[in-house]
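First up is the structure itself, then whatever we jot down about it.
The values are calculated or read from the model by the stated rules, or taken from the named source; none is laboratory data. Owing to the predicted nature of the structure, the values given are computational and were not obtained by experimental measurement. Backbone-built Cβ (ideal geometry, glycine too); neighbour counts: all protein chains shown.
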């Protein structure tokens, strides 16, 4: 006698009748034994997953398990695991505090500083982040004089401060800068006053020759040899030539000859 097969309609009716009905222990054991080691197709896996998520009996089972766990005494092994994880978190916090204390006051390497600058460029901080940084700064205590000097230099060279100085100087150029602009106009050379190059602002920029003209006032540049050398090195690293004109040469009318000589060398080079 062959096995009786149900029609699709009959199977659907049987499935609807069984839906939500709790299975007996024998039935669950028979299903588990029948499915053990049996590979499932991707379609069957998706069907089972959807059935489990939509099953009200599974949610009821989870609720019963949660209620059963309430008030149950914790085993010794569970207590040991919790204690070890808590001790690990406390040790990690202590190690982080020690690392922060060891790094406090230690200057960053140029590579580390470059990585931090690149990561924070254009980054905006929310109120929570600002409050966290403020609290961290207060915990670090007062700044050293060396740190204050470094921060002052960094703030002066920040893009926002550089752009602000550029707007001020463009509206109120110095007298020697005005003289140089008049000379360049008389020579018929196109130029851009107060042109920004990276973190610096060039006094005058001649784009056709990639030339930066710096007007060094006798008062402001008398003790800036190191800073001016670093500035020139930065300009040359960006593919620009630099011509520095002293205030004495500009007021004596020697700036025209120096500019023409520099342009001739730029063309020949």
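Structure above, values below:
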quantity: Flag if residue 197 is modelled with pLDDT of 90 or more and touching a strand residue (DSSP E or B) at 6+ places or on another chain (Cβ under 9 Å); calculated: no
quantity: Qualifying residue in segment 79-89 (condition: modelled with pLDDT under 70 and surrounded by fewer than 10 Cβ atoms within 10 Å (Cβ to Cβ)); calculated: no
quantity: Looking only at segment 45-78, and only at residues there that are outside any helix (DSSP H, G or I) and surrounded by 10 or more Cβ atoms within 10 Å (Cβ to Cβ), the one that is modelled with the lowest pLDDT; calculated: 55
